[in-house]
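These notes concern the structure reproduced below.
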């Protein structure tokens, strides 16, 4: 049978790769890479670098173009479901065309695919067994770079998105917010923020402080970075001030 691996490669630093992930890369015959356009070519190049460093030849790299996704749709859940269905069709064609019985194919994904990634949910739609190799998540990279812990004593942590924070407001004293294009932290003056973008890369940006003091700076820096690179991946921890 064909076997698939979803390998977490960390938040951006090549040294984030775990020994388990390096061994998994070494055991793969075919690597599937999804091209998201010229703006995000550096994301593709990091994957290729890791394959070159840890892969065992002969291996093959198979690239596919990511289906377009409507990020402005009012029915957000339906738009995501449509995009996942089209991605599943793409993956199935790539696997059928490029992976022989008895071979192992691999998808290298950012961070920890067990924390925040669509690839496991997409591959569940397909008739192939797969295994998930954990990685260093953006959450772990963020708190380490800010030299703080994810949790506070006897308090839960809520992991959510910028979209949900904007809609619902704060839901806990400690919150991890993923991919917040809206800067939904604005106005949350009773919180301290630990913000990071491009974690683990040469473009890494870290800002930390009370939201009332650094919120506008984060908004401006984020906008400048996105204009310069064409994309931004950011994460932050909100912690209610005592």
- Message: Residues to consider are 212, 217; find the one that is surrounded by fewer than 19 Cβ atoms within 10 Å (Cβ to Cβ) and either at pLDDT below 95 or closer than 30 Å to residue 46 by Cβ (or both).
- Response: 217
- Task: Out of 163, 222, report the one residue that is more than 26 Å from residue 7 (Cα to Cα), outside any loop (DSSP other than H, G, I, E, B) and touching a helix residue (DSSP H, G or I) at 6+ places or on another chain (Cβ under 8 Å).
- Result: 163
- Item | Number of the condition not met by residue 100 [criteria: (1) at pLDDT 95 or above; (2) surrounded by 16 or more Cβ atoms within 10 Å (Cβ to Cβ)] | (2)
- Would you say residue 125 is in contact (Cβ under 8 Å) with a residue 12 or more places away in the chain and in a helix (DSSP H, G or I)? no
- Mind listing whichever residues of the range 91-122 are assigned to a helix (DSSP H, G or I) and out of contact with any helix residue (DSSP H, G or I) (no Cβ under 8 Å at 6 or more places or on another chain)? 92, 93, 94, 95, 96, 97, 98, 119, 120
- Task: Select, from 152, 186, the only residue that is modelled with pLDDT of 95 or more, closer than 22 Å to residue 242 by Cα and in a loop (DSSP other than H, G, I, E, B).
- Result: 186
- Query: Has the range 178-193 got any residue that is within 23 Å of the chain's Cα centre (by Cα) and in contact (Cβ under 8 Å) with a residue 60 or more places away in the chain?
  - Reply: yes
- Within the range 196-206, the count of residues that are under 19 Å from residue 239 (Cβ atoms) and crowded, with 18+ Cβ neighbours inside 10 Å comes to 3
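The values are calculated or read from the model by the stated rules, or taken from the named source; none is laboratory data. Keep in mind that what you see is a predicted model, and the values were worked out from it rather than measured. Note: ideal-geometry Cβ built from the backbone for every residue, glycine included; neighbour counts use all protein chains shown.
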